[in-house]
Structures are given as C-alpha cells and as structure tokens.
Amino acid sequence: MNGPHDTFVRAQFFVSAKNVFGNYYSTWAVNLAVIWAMTLILVFTLYNNSLRNLLNGLELLMKKISKK
C-alpha cells in the first residue's frame, strides 16, 4: 500500500512508501530524513544562539507595541 499521490510526506501509519516530490520512497527513509533535518536545524539554532536572539527581538517588539 502506497500513500496518496497528491500529498507531500503525509500518509497513513501502515503505508510502505510515501510520496516526496512526486516520487515514492520507503517510509523508513523518509522518516529518517525528517528526523535528521530537524536535528540539523536545531543544532544550527543552538550553535548560533538564534533562538535567544529571536526571543530577545520579540521581547523588544512587544515592549515597543505596549508603549504605544
């Protein structure tokens, strides 16, 4: 059983292949790629303090909005 052709990586739990950019890949490989991509994004944000900078920027923005 393959996942639906009109969706991107979304499929039922017990499918053997998922649709990625029009091609079917095994569910195990797609899930592993998603896990690695999320890990790399999190490592990048932690290494560059991006999350702290984003939160500080939002705090300054909220202070400016509340003063008006």
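The values are calculated or read from the model by the stated rules, or taken from the named source; none is laboratory data. No experiment lies behind these values; they were computed from the predicted model shown. Methodologically, a virtual Cβ is constructed for each residue, glycine included, from the backbone with ideal geometry; neighbour enumeration extends over all protein chains shown.
Assorted remarks:
- Taken over the range 13-34, the criterion of being outside any strand (DSSP E or B), surrounded by 10 or more Cβ atoms within 10 Å (Cβ to Cβ) and out of contact with any helix residue (DSSP H, G or I) (no Cβ under 7 Å at 6 or more places or on another chain) is satisfied by Thr27, Trp28, Ala29, Val30, Asn31, Leu32, Ala33, Val34.
- Where Leu60 falls short, out of the listed (1) outside any loop (DSSP other than H, G, I, E, B); (2) at pLDDT below 90: (2)
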